[in-house]
Amino acid sequence: MQIPENDLNTPIGRLREFIVNNINGQCKIISEGSECKCALCDLDRTQEALQWYGKEAFAILENLVKKNDMAVLASVTVLELDAGKRAKDILGDK
């Protein structure tokens with residue numbers, strides 16, 4: 001479920017294009033590493049989290065259709081253990 005960075009047919013592609021065209025200096029990831037707080041890096045982190053949630057949702061659906069109960073349970077456990085941290089990383093402490 002990888003979305004091309006320059007796909008203007010998707011909301012995230014259009015948002016990326018807007019950020020690139022309207023933020024002076026673009027990304028400073030080279031100098032700040034994973035702690036960069038520019039809008040482009042924030043968008044990348046948000047996109048990664050959304051893709052992770054989508055991947056897990058599709059895995060659950062696929063295993064429900066196959067009636068693979070143990071795989072469904074494993075995916076739900078992954079969501080339970082990891083989803084809160086991912087949401088907190090993106091949304092902050094709310």
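Laboratory data are not the source of any read-out in this text; all were calculated from the coordinates shown. Every value quoted in this text rests on a predicted model; they were computed, and no experiment measured them. All Cβ positions, even for glycine, are placed from backbone atoms using ideal geometry, and neighbour counts span all protein chains on display.
Modelled spin-label separation between Thr10 and Leu91, with each label point placed 7 Å from Cα along the Cα-to-Cβ direction: 2.2 nm. Across segment 11-91, Cα pairs under 8 Å and at least six residues apart give a relative contact order of 22 percent. Exposure proxy shown here: for Leu43, Leu61, Leu50, the number of other Cβ atoms within 10 Å sets the order, fewest to most, as Leu61, Leu50, Leu43. The distance between label points at Asn68 and Asn22 comes to 4.3 nm (points 7 Å beyond Cα on the Cα→Cβ vector).
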